Structures are given as structure tokens and as C-alpha cells.
Amino acid sequence: MGKTLIVGFGNLYRRDDGVARHIINALLRHWGRPSLDALDDGWDRLGYPVDVVCLHQLVPELVETLKEYRQVVFVDAHVPTEATPPIYVAPLTVEHRVPFVYHQTHPSTLLALAQSLYGSAPTGLLISVQGHDFDFGEGLSAETAALVPAAVARILELIA
């Protein structure tokens with residue numbers, strides 16, 4: 001156990017909410033691996049020192065996969081506020097967190113479930129990129145697309 005899992009999540013069809021898939025694909029290109037298309041979540045490509053999956057939303061079933069990793073990096077989008085930088089990086093605690101909307105699972109809750117079920121949890125980080133357009137549609141706004149290279153560089157730095 002020494003591997004890293006990067007979990008991108010967000011709705012690809014709500015413009016900037018899908019930024020994680022763009023970041024994941026940029027990472028895959030950096031490593032010389034094929035990109036994930038809109039219908040590919042990456043589950044059948046696990047087995048590298050750094051694995052990636054892309055999900056519409058986080059689900060409790062992910063916990064079984066987490067037990068195989070030393071570190072997990074969750075990547076998503078956030079709504080801009082004055083207090084939040086364009087690329088927000090935060091360590092995750094192992095704790096059950098009640099979501100704002102009940103069909104959403106917080107990354108910390110997944111870590112807590114892994115701890116409870118398997119006796120250990122990977123260290124976790126959340127990297128959230130500022131979104132500007134969450135309307136229905138595909139593709140990123142110019143502002144959010146401009147943040148992708150910096151987010152990729154930050155992830156590469158954190159997992160090195």
C-alpha cells in the first residue's frame with residue numbers, strides 16, 4: 001500500500017462543475033496515458049502508482065477502493081467567494097460530515113467509513129477549482145479553463 005488515487009467528481013453537463021474531468025485528463029496526458037471520455041469513469045484502468053477515477057458524485061461504494069491507497073486526492077469545483085482562492089487545497093479530516101444535500105457524500109465521510117470498516121483510511125486532500133458558469137451545457141468557461149494548468153501543477157507537486 002503506497003499508491004495514490006485521484007478522484008475527480010462533478011457534473012460534466014453543468015459546465016464548470018465538470019472541471020475535475022478536464023484536470024484528470026490533463027494529468028493522464030502528462031503521464032502519457034489515454035484520456036477518459038465522457039462515459040469512462042476509469043475503474044477499468046486501475047493499477048498504476050497513481051490511479052484516477054471520475055465520478056458524477058461521490059458514493060459510499062468508493063470506500064472499498066480507498067482501502068488500497070495510501071493517499072487520495074479529491075478534485076472538484078467550487079462557487080467563488082471572497083474568502084476562497086481560485087484553487088483551494090485543504091487536508092481532509094476523518095470524520096462523518098452531514099452533507100448540505102443528502103444525495104451528496106463529503107470526502108471526509110468516505111475516509112471515516114474506510115476507517116470504520118477497514119481500520120485505516122488514506123490521507124486525504126481536497127483540491128477545489130473555482131467555477132464561474134454552472135449552467136447546463138458542456139465545456140468550461142474561459143476563466144475556469146485558465147485554472148486547469150495550475151491545478152494540474154499543484155496536484156503533481158502534492159503527490160510527488
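The values are calculated or read from the model by the stated rules, or taken from the named source; none is laboratory data. None of the values given here were measured: they were computed from a predicted structure. We place every Cβ from the backbone using ideal geometry, glycine too, and count neighbours over all the protein chains shown.
Brief remarks follow.
- Flag for Leu36 being at pLDDT below 95 and under 16 Å from the mean Cα position of the chain (by Cα): no
- Matching entry among Asp44, Asp51, Asp17 (being over 16 Å from the mean Cα position of the chain (by Cα), not hydrophobic (A, V, I, L, M, F, W, C) and not in a loop (DSSP other than H, G, I, E, B)): Asp44
- Helices (runs of 4 or more DSSP H) contained entirely in the range 74-160, each with at least 3 residues that are crowded, with 19+ Cβ neighbours inside 10 Å and in contact with a Lys or Arg (Cβ under 9 Å, 6 or more places away or on another chain): 107-118
- Val53 vs. criteria of a type outside the set (D, E, K, R) and modelled with pLDDT under 95: no
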